Amino acid sequence: MVAMTKKVKTFQVVLSDPCKSFYCGGDRVSGRVEVEVSEVTRVSAVKLLGLGCAKVEYAKGKQRCRQEAEYLRYEEVLSLGDQPADSDGSVVLRPGNKYEYPFGFDLPEQGQLVSSYKGKFGYVQYYVKAQMERPQQPTVESKKYFEVEEPLDVNTPDLLSPAGGMKEKKVTCMFIPDGQVSLNAKIDRRGFCEGEDICINAKFENTCSRIVVPKAAIIAKHTYQANGRTKVFRQKLSSVRGNHIISGMCDAWQGKTIRVPKIKPSMLGCNIIRVEYALMIYIHIPGSEKLILELPLVIGTSGIGSRTNSVSSQEGSISTASQSWVSLRMPAEPPSYCDITKDCRLDQPLTPLLDDVDCDDSPIFMNAPSFQFPSPPAYSEAEEYKGNAQMLPVC
């Protein structure tokens, strides 16, 4: 057969189920390699590789940090079918024909792979690569990427247990003590799935002279390791905020919710890339660093957790709020006049520091005018109290 300059019209990898969004450990990856040529072409072999690896790459000063970890390697020489072959095993492809070479291989069992990932300084990717070798001609290649998602069950005793904590911070102004702020927060479990609501029970106290704002956010922490160095990238995904808390007051969240957005599950099994999540509950303090409490979260694969579980846990939190440690109660009846020992007015104007660049807080002004509370009403004028208080003076 005469060797000629050959042109390949089509050379591609087609998976058997192109609509499949992702594969899990133990699944079978199958498909075919399609070939069409525009001229008579001699082919010595068609090889197929299934590859999966994690790669980290970033610059640290003048040094380039780079590291890889392999999780999948499969190699196969595809059968060229019933085509007549020469003594060296090569075959001739002719124009006008469409040649298909099937393939199939099984992924390693669950626990041996890590989920696909693409981040700022690294990635985890899987793909099928086909190679067509031609005598005295360059090898032709084609890649087909596919997603892997390892199941992560959040319905385990450890992840179904509550998590909470307490933080406090003393505030100063020009090295002069200016009171303190504190928070005490709790969530009913640590494991969640995409679309579920996280119910937060929390209490905030403010005894400093500034107006503070309680907030909560879901934070993603991406950790990359290469050449013995570690690089961390943090990202805020979603957030909620509460009401302003003035000096000498406290506030409580009873079942306040924040929804888990559409995000990738936690990635904890990779050697060089780690993706972790946390619920950050914090108090924004103008002119000072935030008071921050972080509660670790584990985000599982969709379908493992139940949306109804989140809703029922939220309803349970609300129904038992009156018995929880953050519940607030009002007096059953108005106080007697004899119980009032001093005039309830502000001793001096509030002079909080100007707001910092945290975000969208309303501006807080200096030299607020003094304000005097009106005298207590007569019992005949007092209306029956209805509803729960949202803010009370700090005891």
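The values are calculated or read from the model by the stated rules, or taken from the named source; none is laboratory data. These numbers were taken from a predicted model, which means no experiment stands behind them. Virtual Cβ from ideal backbone geometry, glycine too; neighbours counted across all protein chains shown.
Would you check if Ser182 is assigned by TED's automatic domain parsing to the domain that holds Ser115, touching a residue at least 60 places away in the same chain (Cβ under 8 Å) and assigned to a strand (DSSP E or B)?
When the stated conditions are applied, Ser182 does not pass them.
Need the failing condition index for Phe105 against (1) over 21 Å from Thr139 (Cα atoms); (2) crowded, with 17+ Cβ neighbours inside 10 Å; (3) among the aromatic types (Phe, Trp, Tyr), just the number.
(2)
Filter the strands (runs of 3 or more DSSP E) completely within region 200-310 down to those with at least 1 residues that are in the same structural domain as Thr172 (by TED's automatic domain parsing) and polar (S, T, N, Q).
Those strands (runs of 3 or more DSSP E) span 213-226, 229-241, 249-259.
Sort through Ile176, Ile200 and tell me the only one that's at pLDDT 95 or above, within 30 Å of Pro286 (Cβ to Cβ) and not basic (Lys, Arg).
Going through Ile176, Ile200 in turn, just one is at pLDDT 95 or above, within 30 Å of Pro286 (Cβ to Cβ) and not basic (Lys, Arg): Ile200.
Quick one: which residue in Arg66, Arg73, Arg42 is assigned to a strand (DSSP E or B), outside the structural domain of Ile263 (by TED's automatic domain parsing) and modelled with pLDDT under 90?
Exactly one residue qualifies, and that residue is Arg42.
Those residues that are more than 21 Å from Glu75 (Cα to Cα) and in a loop (DSSP other than H, G, I, E, B), I need them from region 116-133; list them, please.
Within region 116-133, Gly119, Lys120, Phe121 meet the criteria.
Conditions (1) over 21 Å from Gln112 (Cα atoms); (2) free of Cβ contacts under 8 Å to residues at least 40 places away in the same chain; (3) loosely packed, with under 13 Cβ neighbours inside 10 Å, marked per residue:
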residue: Cys19; (1), (2), (3): yes, yes, yes
residue: Tyr23; (1), (2), (3): no, no, no
residue: Glu34; (1), (2), (3): yes, no, no
residue: Cys53; (1), (2), (3): no, no, no
residue: Ala59; (1), (2), (3): yes, yes, yes
residue: Leu78; (1), (2), (3): yes, no, no
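What's the total number of residues in region 204-257 that are farther than 30 Å from Leu268 by Cα and among the hydrophobic types (A, V, I, L, M, F, W, C)?
Count: 11.
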